[in-house]
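The values are calculated or read from the model by the stated rules, or taken from the named source; none is laboratory data. The structure displayed is predicted, hence computed values, not measured ones. Positions of Cβ are backbone-derived with ideal geometry, glycine not excepted, and every protein chain shown enters the neighbour counts.
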Amino acid sequence: MPNCVSTVHRCTGVLLLVGLVSLVPPLPAQNTSCKMQSDQVSAAAWGQIPPPSGGITVAFFDDATVWVGLNHVYANSQMLTHRWRSFVPWMSSDIVSVFPFSRAIQSPASRMPLFYVGHTAAALDASQPDAQSVHLVRAATKHNTRAVQITSGWSAFSFHPGFTAREEIPLRFQVLSGAVYTIQPERSLDDGEYLVVFGPSALSGFEFQIACSGTHRD
């Protein structure tokens, strides 16, 4: 079953090493201690990630036995902010993507989670493991939505993403094979809502939340 989200339903796949698929219902934010950093698993383990049915899979390794696939969520709308800038010839309004629901389903137990990206050759944005194509951004929550700013100022006149320095978290990349690579934030993440975005438009992303408390576990 493909990962999906809409205003009326939401589903996600949990990928087990034995090939089973389970549904995970939406849960309230977790209140647990987290590891500071996730460790990479063996090639025998990540080699069992199922081929992505929708072109891209983003997953993490949980409890030493389970692959958890991040839910692929689509923006409900895009809107303009700072409209006054349109009256200045060399500036433009900001464009914000608005995503449904105030919380993601999955919450890795690490402040520096390690994600495995599986992709097909047709998924062009995901096939280039670099900072120009793959982005980790923090979403602002308001009511029952999450918002990500995707253009600002001059970025509206180019194909480069306009994620703000506050929203975008630098990533490190490691290529494991022609179809799998890892991404990991270069710094620890604060509690909040995040999206892994491929390409500059942020019309969709792979959602997760960081919900940690107490002392970090090494």
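Let's see how each residue does on (1) modelled with pLDDT of 85 or more; (2) of a type in the set (A, V, I, L, M); (3) in contact with a His (Cβ under 7 Å, 6 or more places away or on another chain):
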{"position": "THR32", "(1), (2), (3)": "no, no, no"}
{"position": "GLN48", "(1), (2), (3)": "no, no, no"}
{"position": "TYR74", "(1), (2), (3)": "yes, no, no"}
{"position": "SER93", "(1), (2), (3)": "no, no, yes"}
**Request:** State whether the residues of the stretch 103-119 include one that is polar (S, T, N, Q), in contact with a strand residue (DSSP E or B) (Cβ under 6 Å, 6 or more places away or on another chain) and modelled with pLDDT under 90.
**Result:** no
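Are any residues in the stretch 96-115 of a type outside the set (Gly, Ala, Ser) and either surrounded by fewer than 19 Cβ atoms within 10 Å (Cβ to Cβ) or assigned to a loop (DSSP other than H, G, I, E, B) (or both), and if so, which ones?
Of the residues in the stretch 96-115, the ones of a type outside the set (Gly, Ala, Ser) are 96, 98-101, 103, 105-106, 108, 111-115.
Matches in the stretch 96-115: VAL98, PRO100, PHE101, ARG103, ILE105, GLN106, PRO108, ARG111, MET112, PRO113, LEU114.
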